[in-house]
Amino acid sequence: MTLKSTITEFDAYLGNKESILDKNYQRIAEQIKLLWGYDEFFMFVEKLVLVEKERNRGGFPYEVILELNALQDIHRKNFAKRAESLNKK
């Protein structure tokens, strides 16, 4: 299953477009699906986009960054209340 078919709001965000994460970055898409709904999702995405001087990486295309940002927004909207209630316990 793809991110687009798994996350309804992401499907709505993409519309008729195909997800670049699903198409070209399957390993990352699989990890996002595993972490979806958990706080670790944000740490994973932050680590993906973080620029580290010691690592020689070319970075992601702009469209991938937009998809990651959309997923972060969707995750925050869907799971912020859950995280807040867990933190109060």
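The values are calculated or read from the model by the stated rules, or taken from the named source; none is laboratory data. Being a predicted model, the structure only gives us computed values, none of them experimental. FYI the Cβ positions are ideal-geometry reconstructions off the backbone, even for glycines, and counts take in every protein chain you see.
Annotation: of all residues in segment 18-59 being modelled with pLDDT under 95 and of a type in the set (D, E), the one that is farthest from the chain's Cα centre (by Cα) is E54. For beta carbons closer than 6 Å, sequence separation of 6+ or different chains, a first residue in segment 50-75 that is closer than 21 Å to L14 by Cβ and a second that is at pLDDT 95 or above and part of a loop (DSSP other than H, G, I, E, B), there are no qualifying pairs.
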